[in-house]
Every structure is written in C-alpha cells, then in structure tokens.
Amino acid sequence: MSPPVSVTIPMSMHIGAPCSALVRVGDTVSVGDVIAQPGGYVSAPIHASISGKIKAIGDFLLSNGNTVPAVTIESDGEMRLSEKILPPDVNDYESFIEAVKQSGAVGLGGAGFPTFVKLSVKDLDSIKTVVINGAECEPYITSDTRTMLDRSDDIRFGIELLEKYLGVKRIIIGIENNKRECVDEMKRINSDDPTVSVVALPASYPQGGEKVLIHNTVGVIVPEGKLPIDVGVIVLNCTTLAFIAAYIRTGIPLVEKCVTVDGSAVKEPKNVIVPIGTSIGDVFDFAGGFIEEPNKILYGGPMMGISVPSLSDPVLKNTNALIAFNKKDSVLQKTTPCIRCGSCVSHCPLHLDPRAISKAVEAESTEKLEKLKVNICMECGCCSYACPAVQPLVQRNRLAKAMLRAKQAKQAEIKKKIQDESDSTGKESESDD
Ligand code: SF4
Ligand code: SF4
C-alpha cells in the first residue's frame with residue numbers, strides 16, 4: 001500500500017506503561033526515528049512510521065476505552081529512512097536483549113506484550129523450550145500464514161538467533177494442520193536442524209492461546225498464577241520472530257504491520273503491509289472499499305476482536321486483522337435468560353464456569369470471583385459463542401477481572417497507608433528518645 005497522507009500513533013500500543021513523546025509539533029521526522037520513549041520497564045519505544053512533520057500531539061480515545069496521547073505525522077511523501085538506522089551490534093545475550101528492546105517489538109499476534117521482557121530471564125538454563133506460535137487459530141486471520149510462507153528466511157534466521165544467544169536446545173513450531181503449506185515450508189527450512197520440530201496441530205480454536213499451545217506442544221500445564229517461563233517455556237509468535245530477525249539484519253524498527261483485511265462487507269479481502277498509524281479507512285479503501293455499508297468493524301478476529309468506533313482509528317502495533325461485517329453477519333441476537341444448559345462450561349478450554357462468574361459479577365462478590373478463578377480466563381470467547389441464550393459471558397468475565405484489579409489496587413493503597421503511618425510513628429518515637 002502506498003504511504004498514507006498522515007498517520008496517528010497512540011503512545012500505548014502494548015501491554016504496560018504508555019510511552020512519553022520525544023517530539024514536538026513542527027519537528028521533522030524520518031522513518032525509524034524514535035518518537036516516544038518507554039514509560040516504564042514493561043513498555044516499548046515507538047518509532048516514526050512515515051517521514052514528514054509532526055502535525056499534532058493530543059489525546060486519543062482508544063477502542064478499549066482508555067485515553068492516551070497520540071502523535072500525528074503529516075507525510076512528506078518521501079518515506080525517507082532515518083540516517084540513524086544501522087543494524088544493531090549484537091554479540092551476546094545482553095546485547096541481543098537490548099536490540100530487541102530498541103526495536104520496539106511487542107507480541108505481533110495480537111497480545112502486544114513487550115518482547116524483550118518476555119525474553120529477559122535470570123538464568124538462561126531455565127529456558128527448556130521455545131514454542132513458535134504459528135497456530136493462527138482465529139477465523140478470517142491469515143497474516144501469520146503469509147509470514148510463514150513469504151518470510152520463512154527471516155523465521156529461520158530468528159531461530160538461529162534464539163539458538164545462539166539464548167542457548168535454546170529445543171524449539172517447537174506449532175501450526176494448525178489446515179495450513180499444510182506452512183507446515184511443509186517450516187519443515188523445509190529447518191530440515192538440517194535437529195533442535196527444531198514442526199508440530200501439525202488439530203485446527204481447533206483456541207489452539208493459539210499461549211497456555212493451550214504449551215499444553216498441546218510441550219505437554220505441560222502452566223499452573224494458575226504462573227508464567228510459561230515457570231515451566232521452562234517461552235512462546236513467541238512467528239511474525240514477532242520474523243520481525244526481530246529482520247531488525248537484527250537491517251536495523252529497521254517496528255514501523256509497519258501486515259494486516260488481514262476481510263469480512264463480508266469488504267470488496268477485495270487481502271493481506272496488506274501498512275505503516276503503523278495508518279487510518280483503517282485508508283486500509284479498507286486499499287482493499288477496494290466496501291461492497292455494502294459495514295455494520296461492525298473489528299480490530300482482530302470475530303472471537304477476540306474489539307469493535308472499532310471510527311474509520312479514522314489507526315492500525316496499531318498489535319493489529320493483525322481488520323474485519324468488517326455487513327448487517328446480516330453482525331446482527332446482535334436478543335439476550336434471553338440462562339437455561340442452565342452448561343454449554344458455556346463444557347466449551348471452556350480452561351474448565352471455568354462462566355455462568356457462575358456472571359452471577360458473582362451481578363452479586364459484586366469478589367471473594368466468589370477469586371474462588372471461580374476468573375483471572376485465568378483468556379477471554380477466548382468460546383463460552384459466549386456457545387451460549388444459546390446469547391449471554392454476554394466474556395464481557396462479564398472482563399468486568400470481573402476489572403473488579404479484582406480494583407480490589408487489589410485498593411488493598412495495596414491501604415497497605416501503603418498503614419506502612420506510611422507506622423513509619424511516621426516510628427520516626428516520632430525515635431525523636432522522642
Ligand atoms: S472466555 Fe469463556 S471459554 Fe474462554 S477461557 Fe474465559 S471463561 Fe473460558
Ligand atoms: S451456555 Fe448460556 S444458557 Fe447455557 S448455562 Fe451457560 S450462560 Fe446459561
């Protein structure tokens with residue numbers, strides 16, 4: 001896709017602290033210039049995705065309801081690459097992690113977790129297996145499929161980097177078996193490497209969920225409250241790995257994204273590589289526009305995607321798909337009372353009880369929510385999809401998690417207050433002495 005007239009880049013496109021802008025209105029930037037620095041440890045720098053002038057810096061309402069600052073760049077039409085771009089100097093684990101950090105990499109499969117944090121471990125021996133996620137299980141989305149077919153050299157180089165700098169002895173590439181060409185291509189590029197095995201998994205949603213994938217490839221369960229690394233595993237999305245490899249080779253940071261454009265309202269569904277911050281309206285125009293008025297547009301797929309309120313919203317670092325449905329495919333059925341059929345329970349991959357969670361949310365019982373382990377819900381949407389009463393189960397689960405977060409924040413605040421009071425009482429008695 002040719003460069004857009006302008007891009008709007010929010011300062012939060014990842015899990016963790018939002019970034020703070022380093023540019024001012026009127027500044028000139030080139031592609032790859034750092035325009036925002038991380039706002040904390042769990043964060044990732046942001047780079048200019050087009051060359052031009054900073055036109056505005058203002059508040060931006062994200063589709064998740066949060067408002068963050070955003071930088072708008074007006075294109076000069078040149079897509080001039082920054083002179084500062086150079087392949088990073090990588091020669092050991094520390095310099096590899098630093099390079100991944102500077103690249104701006106976040107989980108490109110949709111999660112958006114800063115990649116350098118995931119790869120930062122105290123003891124390299126704790127990494128027993130790296131699982132490369134090529135499952136791409138959500139309907140419609142095919143951007144990882146294109147990566148595996150079109151950028152297999154980058155994936156192979158990424159595997160060599162993991163072996164060299166993380167000392168990984170076992171790498172498993174998990175791919176759903178409905179992507180036969182990807183399985184064959186991954187086997188071909190790794191045929192001389194005994195460290196790597198390619199596993200064809202049943203095409204079954206949510207096969208690509210991190211914990212599901214670990215269970216189905218490595219055969220272990222990540223316990224509640226633990227991280228994959230606690231069982232010796234790191235999971236990396238295949239497009240994230242391909243990007244890291246390309247960055248180490250070229251020094252070009254995360255400035256563009258391959259996005260699947262699909263859905264019943266789209267004229268010419270396709271995968272498009274676009275500068276981050278491009279308006280989704282521009283991307284749909286490139287896909288021939290709409291056959292009919294879209295009734296619902298999603299960031300991501302139909303199971304986990306979030307509704308986009310406006311066509312002027314931008315493509316983010318973790319946007320892997322833009323799906324536009326016509327009215328027929330997106331009409332909201334009427335919610336009816338729960339009939340206690342148990343379908344939501346039997347369809348939950350983590351054996352949660354979404355019906356009971358809903359009741360606990362209504363009763364505002366955080367104790368019950370903790371007992372029902374809602375925090376391990378991966379928001380896959382299977383329960384909502386399987387519910388004949390069209391209950392908004394996954395939405396209530398999100399609400400439940402927000403209630404628990406609020407409770408934890410309040411407890412931390414009380415603890416801090418008590419601590420502060422006891423510190424000041426101690427100081428007073430010391431001065432009395
Ligand atoms: S969204 Fe529903 S089905 Fe998916 S993990 Fe959560 S409770 Fe289970
Ligand atoms: S699937 Fe729906 S109707 Fe059935 S028990 Fe769960 S919430 Fe109730």
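None of the figures in this text is laboratory data; all of them are computed from the coordinates on show. Note that the structure is predicted; figures quoted are calculated from it, not measured. Using ideal geometry, Cβ is built from the backbone for each residue, glycine included, and neighbour counts are taken over all protein chains shown.
Structure above, values below:
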item	result
Average Cα contact separation per residue, the chain, under 8 Å, 6 or more apart, as relative contact order %	14 percent
Solitary cysteines of the chain, where the nearest other Cys Cβ is not under 4.7 Å	Cys19, Cys137, Cys182, Cys238, Cys258, Cys338, Cys341, Cys348, Cys377, Cys380, Cys382, Cys387
The chain - mean residue ellipticity at 222 nm from DSSP helices (-39,500 (n - 2.57) per run, n ≥ 4, rounded to 500)	-10000 deg cm²/dmol
FRET efficiency, 1/(1 + (r/R0)^6) with R0 35 Å, evaluated for Ser204 and Lys226 via beta carbons	0.90
Segment 93-250: relative contact order in percent, alpha carbon pairs under 8 Å with at least 6 residues between	34 percent
Taking segment 336-433 and dividing mean pair separation by its residue count, relative contact order in percent (alpha carbons under 8 Å, at least six apart)	28 percent
Rounded if a/c under 1.5, otherwise prolate or oblate - segment 336-433, Cα gyration tensor axes	prolate
Local electrostatic count, Pro206, Cβ distance below 12 Å [Lys/Arg +1, Asp/Glu -1]	-4
Dipole of the chain, positive direction: furthest Cα of Gly251, Ala56, Ile276, with charges on the beta-carbon	Ile276
Evaluated at q = 0.13, 0.19 Å⁻¹: base-10 log I(q)/I(0), Debye formula over Cα of segment 248-391	-0.73, -1.04
Tail beyond 16 Å, pair distance distribution of segment 189-298 (Cα, percent)	73 percent
Built amide H within the under 5 Å cut-off of Val131, gap 5+	Ile172, Ile234, Val235, Leu236
Under 5 Å, built H, 5+ apart or other chain: amide partners of Val71	Ile9, Met11
Cα-Cα separations in segment 93-250 greater than 22 Å, expressed as whole percent	34 percent
Label-point separation in nm, Arg405 to Val5, each point 7 Å along Cα→Cβ	3.6 nm
Average projected area [Cα convex hull, the chain], square nanometres	25.2 nm²
Rounded if a/c under 1.5, otherwise prolate or oblate - segment 1-138, Cα gyration tensor axes	prolate
Subset of Lys122/Lys169; Lys169/Lys257; Lys169/Lys373; Lys101/Lys257; Lys226/Lys368; Lys128/Lys410 violating a 27 Å alpha-carbon distance limit	Lys169/Lys257; Lys169/Lys373; Lys128/Lys410
Residues of type lysines that Lys267 reaches as a straight line, Cα spacing below 20 Å, ignoring anything fewer than 8 places off in the same chain	Lys296, Lys327, Lys328
Which of Ser143, Val198, Tyr165, positive extreme of dipole for segment 93-250 (C-beta unit charges)	Tyr165
Around Pro269: net Lys/Arg minus Asp/Glu count, Cβ-Cβ under 13 Å	+1
Candidate lysines - alpha carbon under 20 Å from Lys415, same-chain residues fewer than 8 apart omitted	Lys407, Lys427
Dipole-positive endmost among Val183, Val121, Gln207 within segment 93-250 (Cβ charges, Cα centre)	Val121
Net charge dipole size for segment 93-250 [Lys, Arg +1 and Asp, Glu -1 on Cβ; Debye, nearest 20]	120 debye
Candidates Arg24, Arg80, Arg340, ranked by Gaussian network fluctuation over the chain, Cα under 10 Å, top entry	Arg340
Contour excess over end-to-end distance, with Cα ends at Asp329 and Glu160 and 0.36 nm allotted per residue	56.5 nm
Cleavage-rule hits (trypsin sites (Lys or Arg not before Pro)) in segment 98-195: DSSP loop, at most 14 neighbouring Cβ within 10 angstrom	Lys122, Lys169
Simple Cβ-charge dipole of the chain, Lys/Arg +1 and Asp/Glu -1, about Cα centre, in debye nearest 20	1320 debye
